[in-house]
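The values are calculated or read from the model by the stated rules, or taken from the named source; none is laboratory data. These figures come from a predicted structure and were not determined experimentally. In this analysis, Cβ positions are derived from the backbone assuming ideal geometry, glycine residues included, and neighbour counts consider all displayed protein chains. All accessible areas refer to the heavy atoms of the entire protein, side chains included, with ligands and DNA or RNA removed. Shrake-Rupley method; radii C 1.70, N 1.55, O 1.52, S 1.80 Å.
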Amino acid sequence: MKYAAKGTNEHKEKMLLVHIIAEYENSIWDLPEVDPIEMIKIRMDDFGYKAADLANVYGDKGTISKVLSYKQPLSLTMIRKFSQLLRLPADALIKEYQLKTV
């Protein structure tokens, strides 16, 4: 690896790349300890998605509403689709969480 003298444009560019890579890795790996539904809501907020956007991927607006309000659990199909859409590891979405009883 070639070293760049401090203060040069090459050094600044390398430092910027280090910063961008670190930010990217933090966004991928530093996931908060929350239940899967909160994780989905956080990522929806990150990407500016609404429930309708999830419904477009999954295909059923009513089910999405129930899931986001803790009235129905995530299905395996949802986990697969939402993992891809929201760029979340499936492991983050398969954790157990409490449903609300009516």
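Here the condition is being open to solvent by 40 Å² or more (accessible area, probe 1.4 Å) and not β-branched (Val, Ile, Thr); of 54, 68, 17, it holds for 17 alone. Annotation note: of 30, 53, 45, the sole residue that is out of contact with any Pro (no Cβ under 7 Å at 6 or more places or on another chain), modelled with pLDDT under 90 and farther than 20 Å from residue 98 by Cα is 30.
Among the helices (runs of 4 or more DSSP H) confined to the chain, the ones with at least 2 residues that are β-branched (Val, Ile, Thr) and more than 16 Å from the chain's Cα centre (by Cα) are located at 9-29, 61-68. Applying the set (1) without any contact (Cβ under 8 Å) to a residue 24 or more places away in the chain; (2) over 18 Å from residue 99 (Cβ atoms) to residue 86 leaves exactly one unmet item: (1).
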